[in-house]
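The values are calculated or read from the model by the stated rules, or taken from the named source; none is laboratory data. Because the structure is a prediction, the values reported are computed rather than measured. Cβ placement follows ideal geometry from the backbone for every residue including glycine, while neighbour counts extend to all protein chains displayed. Just the protein is used for accessible areas: all its heavy atoms, side chains included, with ligands, DNA and RNA removed. Shrake-Rupley method; radii C 1.70, N 1.55, O 1.52, S 1.80 Å.
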Amino acid sequence: MMKSSNNFKGYSLLVISLLLCLGVRSQLTTDFYSKTCPTLLSIVRKQVQNAIKTEMRMAASLLRLHFHDCFVNGCDASVLLDGDNTTEKFAFGNINSARGFEVVDAIKSAVESSCSGVVSCADILAIAARDSVLLSGGPTWRVLLGRRDGAVSSATQANAALPSPFEALDAIIKKYTDVGLNITDVVSLSGGHTIGLAKCGTFDNRLFNFSGTGAPDSTMEASMLADLQSFCPVNGDSNRFTALDRNSTDLFDNHYFKNLVDGKGLLGSDQILYSSDLAGSTTKSLVESYSKDLKLFFTDFANSMIKMGNISPLTGSNGEIRKNCRAVNS
Ligand code: HEM
């Protein structure tokens, strides 16, 4: 009897150490706050509704914040931290560009008044992104929750991890595969550009002297090119904004993909999903499918958002629940 109980203890210890060695982490779940903050989802929904009633573009800005959070060091709210010019807010893709921080503050303070100290800023971003898509006419999904907030925010890491609009398709695909996403995720998530705006400076490289050729990007459709050349003239204001999807700017639909098929993608990184050489063997056929099949796009987008929201979360006793989304707890 004594011997078998010792055997059992030894076996349990072995299993526990094996699990620890394998780094088994707690999983995110949809009901994480069901006891500690049962009203969380309705509080966030109301705040996002208010924010986009004031400014429709805020839906796009909140969606992008979640993307920029998750690609850098996992979904840990690192993008929200204030700090000096070494922090994520100062990375190329964020500086003078990422926005919505005041809205996140408002959501956080509404959440804190009902359930103090239990909901992470990283989870708030994930829910706000889902609500932004839904309230723009897009699909919905059950958001996985239980992320905790990190303490590190690095512009250098963000510059290395965030895709740039000037990059080639192989480099972009690599940035997705580096965080565990695949080619379907590359294409479906790029569909986030069905809402929101971009500055001239992010696509004017295509308008006059593309890659040193002395000519515009030949993959851009002629009337759109003419339009954008006068909207973003050489030596004009590179901070002027125009719609990523000129067809239905505020509506989350599949026009982004129809645009790509018509040569009307705004960013170089958008159009190469359809027009580059590599697209033929990787992304082009999915762009075509999404351009014809809204339902397929919605299903894939929702699945990819869940995958993106699962990039290296801090869970269990790792990280913390920030009191203020802009600063680590002292
Ligand atoms: C190859 C990948 C991507 C690149 C190179 C890229 C690049 C950009 C750029 C340059 C802008 C304009 C920023 C500005 O002018 O201030 C932008 C805006 C935006 N991006 Fe992306 N993006 C990518 C993927 C994504 C993904 C995966 C999502 C979401 C799922 C997303 C959502 C958005 C949204 C919604 C906006 C508009 C934001 C606003 O109006 O405030 N992007 N992106």
Do we find a residue being touching a Lys or Arg at 6+ places or on another chain (Cβ under 6 Å) and under 25 Å from Gln27 (Cβ atoms) anywhere in segment 98-120?
yes
Of the residues that make up segment 106-116, is at least one within 16 Å of the ligand (Cβ to nearest atom), out of contact with any helix residue (DSSP H, G or I) (no Cβ under 6 Å at 6 or more places or on another chain) and assigned to a helix (DSSP H, G or I)?
no
Going through (1) in contact (Cβ under 8 Å) with a residue 60 or more places away in the chain; (2) within 9 Å of the ligand (Cβ to nearest atom); (3) closer than 17 Å to Lys199 by Cα one by one, Ala91 fails only at (2)
So for segment 33-43 (the condition being among the aliphatic types (A, V, I, L, M), more than 16 Å from the ligand (Cβ to nearest atom) and part of a loop (DSSP other than H, G, I, E, B)), does at least one residue qualify?
no
Which one of the conditions (1) more than 18 Å from the chain's Cα centre (by Cα); (2) open to solvent by less than 10 Å² (accessible area, probe 1.4 Å) does Ser78 fail to meet, given that it meets all the rest?
(1)
Tell me, which residue of segment 128-170 that is β-branched (Val, Ile, Thr) and more than 26 Å from Ile195 (Cβ to Cβ) is nearest to the ligand (Cβ to nearest atom)?
Thr156
Within segment 190-300, helices (runs of 4 or more DSSP H) holding 3 or more residues that are open to solvent by less than 30 Å² (accessible area, probe 1.4 Å) and more than 9 Å from the ligand (Cβ to nearest atom)
222-231, 255-261, 284-292
